[in-house]
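Below is one structure, written out as structure tokens; comments come after it.
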Amino acid sequence: MDEPMSNEDIAEKVFRFVCGWFGVTKDEILSKSRRRVLADARTVWCYVMRRRTDLSLPELGRRIERTHVTVMYHVTKGCDCEKDRKLNPYCHDAIEWVALSL
């Protein structure tokens, strides 16, 4: 039987997926840029990480160089996107796809 993935492995796998899906680099996601594509990539990363790991909001924030409040915002936005595809179809599809690939 396969061993469960560690939080580190999940984080890197989600980063790779999000970077490929949105056509950005990890450095761009970690940057201070507020470009829409990067904000959407952060939303997907935060939402999936919150659902798939036991990491706290502050720990997730440290991993993407943001505050826990920013992570909470992205998690809430991701939850809204997952529930209602019309809000942001691209994020909705990314969340569904990464969930299937983990």
What are the residues in the stretch 65-94 that are surrounded by fewer than 22 Cβ atoms within 10 Å (Cβ to Cβ), out of contact with any Leu (no Cβ under 6 Å at 6 or more places or on another chain) and of a type in the set (A, V, I, L, M), if any? Val69, Val75, Leu87
Under 6 Å by Cβ, and 6 or more places apart or on different chains, what pairs join a residue from the stretch 66-95 that is over 10 Å from Asp40 (Cα atoms) with one that is among the polar types (S, T, N, Q)? Cys81/Asn88
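Name every residue in the stretch 52-65 that is touching a residue at least 24 places away in the same chain (Cβ under 8 Å) and assigned to a helix (DSSP H, G or I), in order of residue number.
Across the stretch 52-65, the qualifying residues are Arg52, Arg63.
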Scanning the stretch 45-77 for residues that are touching a His at 6+ places or on another chain (Cβ under 9 Å) and aromatic (Phe, Trp, Tyr), which turns out nearest to Lys26 (Cα to Cα)? Trp45
Conditions (1) among the polar types (S, T, N, Q); (2) more than 17 Å from Glu65 (Cβ to Cβ); (3) touching a residue at least 40 places away in the same chain (Cβ under 8 Å); number of the one not met by Ser6: (3)
Is it true that some residue in the stretch 21-42 is at pLDDT 95 or above, in a helix (DSSP H, G or I) and farther than 24 Å from His92 by Cβ? yes
State whether the residues of the stretch 7-20 include one that is within 20 Å of Arg85 (Cα to Cα), crowded, with 16+ Cβ neighbours inside 10 Å and either at pLDDT 95 or above or touching a strand residue (DSSP E or B) at 6+ places or on another chain (Cβ under 6 Å) (or both). yes
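The values are calculated or read from the model by the stated rules, or taken from the named source; none is laboratory data. The structure displayed is predicted, hence computed values, not measured ones. All Cβ positions, glycine included, derive from the backbone under ideal geometry; neighbour counts span all protein chains shown.
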